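Contents: one structure, followed by commentary.
The values are calculated or read from the model by the stated rules, or taken from the named source; none is laboratory data. Keep in mind the model is a prediction, meaning the values are calculated, not measured. We place every Cβ from the backbone using ideal geometry, glycine too, and count neighbours over all the protein chains shown. These area figures cover heavy atoms from the full protein model, side chains too; ligands, DNA and RNA do not enter into them. Shrake-Rupley method; radii C 1.70, N 1.55, O 1.52, S 1.80 Å.
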Amino acid sequence: MLQSAWEDLRRMISFDLTQEVLATTLRIENKINKLVRQSAVTWVAAIQERGIPSFDAPAFEPMKLRTPELSLSLEAEDIQIKWLAGYYKNPKHFFEGDGKSQLRRELESRLNGPIDRFVEAQTALLAAAYEAQLRSATVELADRLRQALEEHASGLIEALEMKLDLHELQAKHERLLNRIGS
């Protein structure tokens, strides 16, 4: 019974920690998209200020980021059933005396290390996963903006190189004026 109670507590703590990590992944993903969006705005403003005021970037689409697999559970090897049983001398001492509070204090202090290791492992996992995705998102954004800028520049060049027959335009203008005046 003590073994199952300990396993249940360990599973509940692992579940709660994993839920917090998942909530953190959502905040990280939102922050990455915000940073990429801000980069897009800054880059477009720089392009416009440096000589192409007519450039307008395509609408920003939030990046689809991959949430890393979270498979770690809380490991607390130094907490053994024999050690736990030492705090349960008898039901009266445990529930009516200070056995339960002593066990809680000792468990909290012994779980700090394993929880810190769990958090450090999750931090390393998230940092590696999202650092690469942020780099990739920035490169993808730069490529999209570069392509849009090239298309815009091509359009401007084509407009400047457009061959117009000035005499033909004047003749059409005259015909329109004659029709309107008739």
Report the one residue of 80, 101, 121 whose Cα lies farthest in the direction of the positive end of the charge dipole of the stretch 65-128 (charges on C-beta: Lys and Arg +1, Asp and Glu -1; origin at the Cα centre). 101
Springs between alpha-carbon atoms under 10 Å, Gaussian network over the chain: tell me which of 55, 94, 118 tops the mean-square fluctuations. 94
Helix 166-181 axis, angle to the chain major axis (alpha carbon atoms, nearest 10°): 80 degrees
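Where does each of 61, 29 land when they are ordered by accessible area, with a 1.4 Å probe and the largest first? Intermediate results must be reported in sequence, preceding the final value.
Working: 61 120, 29 30 Å².
Greatest to least solvent exposure: 61, 29.
If you place +1 on the Cβ of every Lys and Arg, -1 on the Cβ of every Asp and Glu, and leave all else neutral, what size is the dipole of the stretch 29-123 about its Cα centre, to the nearest 20 Debye?
Details: 14 positive and 14 negative charges, 42 e Å.
Here the size comes out at about 200 debye.
So what is the accessible area of the chain per residue, in Å², with the probe set to 1.4 Å?
Values: 13320 Å² over 182 residues.
Per-residue value: 73 Å².
If you average 1/r over every pair of different alpha-carbon atoms in the stretch 5-50 and take one over that average, what Kirkwood value in Å do you get?
Details: mean 1/r = 0.0747 Å⁻¹.
It works out to 13.4 Å.
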What 222 nm value per residue comes from the helices of the chain, counting each DSSP H run with n ≥ 4 as -39,500 (n - 2.57) and dividing by all residues, nearest 500 deg cm²/dmol? -26500 deg cm²/dmol
Can you give the charge dipole size of the chain about its Cα centre, rounded to the nearest 20 debye, using +1 on the beta carbon of Lys and Arg and -1 on the beta carbon of Asp and Glu? 460 debye
Residue 36 - accessible surface, heavy atoms, 1.4 Å probe, Å² rounded to 10: 0 Å²
Compute the helix-to-body angle for 2-49: its Cα long axis versus the longest principal axis of the chain, expressed 0 to 90° and rounded to tens. 20 degrees
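Quick one: divide the alpha-carbon radius of gyration of the stretch 93-182 by 2.2 N^0.38 Å and tell me what you get.
3.06
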Semi-axes, largest first, in whole Å: what does sqrt of 5 times each Cα gyration tensor eigenvalue give for the chain? 72, 15, 11
If you line up the long axis of helix 99-161 against the longest principal axis of the chain, both from Cα atoms, how many degrees apart are they, to the nearest 10? 10 degrees
Please return the longest stretch of the chain lacking exposed loop sites, where trypsin sites (Lys or Arg not before Pro) count only if DSSP places them in a loop and at most 16 other Cβ atoms lie within 10 Å. 90-162
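On a 1.4 Å probe surface of the protein chains, which of 63, 12 comes out largest in accessible area, and what is the full order? Intermediate values should be presented prior to the final figure.
Numbers: 63 20, 12 115 Å².
So, going from the largest accessible area down, we get 12, 63.
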Largest-first principal axis extents, alpha carbons of the stretch 34-108, Å: 82, 23, 18
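Using Cα pairs under 8 angstrom and six or more residues apart, how large is the relative contact order of the chain, in percent? The partial results should precede the final answer.
Values: 70 pairs, mean separation 51.6, N = 182.
This gives 28 percent for the chain.
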Using a 1.4 Å probe on heavy atoms of the protein chains only, the accessible area for residue 43 in Å², nearest 10, reads 90 Å²
